[in-house]
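See structure below.
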Amino acid sequence: TIAGGLCYASLDGVASVEGQGLGMVLTTELEKCQEACEQREGCRSFARCPQWGRCFLKDRSFTGGESSRTNGDCKTFYQISCSLTTTTTTTTRDPESGNMVKVVSYNL
């Protein structure tokens, strides 16, 4: 996800160690949480909790391998470099030959 030129990724739940709180935003919209984090000095991540209509801004940076926990539908989102390459792989059957074909796309 990109907002204002920064990219974001997410953990499976809320980070087990979230970092220091930098404020709260009343919204359920992911884009509003991202914008608020970008505007807050020192913000590197946030916990988005749609069931409470809030995002909690945090100072901790993440790489994606950190442990997380379940807390309702809350999820930790963190800033990443937009230059990171993502790969998508799909397997499909060729309609003419019936052979399986693996399609790989790169987001550079």
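Does the stretch 87-108 contain at least one residue that is surrounded by 12 or more Cβ atoms within 10 Å (Cβ to Cβ) and at pLDDT below 95?
no
Yes or no, residue by residue, for (1) assigned to a helix (DSSP H, G or I); (2) surrounded by 12 or more Cβ atoms within 10 Å (Cβ to Cβ); (3) modelled with pLDDT under 95; (4) more than 11 Å from the chain's Cα centre (by Cα):
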{"position": "THR28", "(1), (2), (3), (4)": "no, yes, yes, yes"}
{"position": "GLN34", "(1), (2), (3), (4)": "yes, yes, no, no"}
{"position": "CYS37", "(1), (2), (3), (4)": "yes, yes, no, yes"}
{"position": "GLU41", "(1), (2), (3), (4)": "no, no, no, yes"}
{"position": "ALA47", "(1), (2), (3), (4)": "no, yes, no, no"}
{"position": "CYS55", "(1), (2), (3), (4)": "no, yes, no, yes"}
{"position": "ARG60", "(1), (2), (3), (4)": "no, yes, no, yes"}
{"position": "GLY64", "(1), (2), (3), (4)": "no, no, yes, no"}
{"position": "GLY72", "(1), (2), (3), (4)": "no, no, yes, yes"}
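From the set of residues in the stretch 5-26 that are more than 12 Å from the chain's Cα centre (by Cα) and not in a strand (DSSP E or B), which is surrounded by the fewest Cβ atoms within 10 Å (Cβ to Cβ)?
By that ranking, first place goes to GLY5.
The values are calculated or read from the model by the stated rules, or taken from the named source; none is laboratory data. Being a predicted model, the structure only gives us computed values, none of them experimental. Glycine gets a Cβ as well: all are built from the backbone with ideal geometry, and neighbour counts include every protein chain shown.
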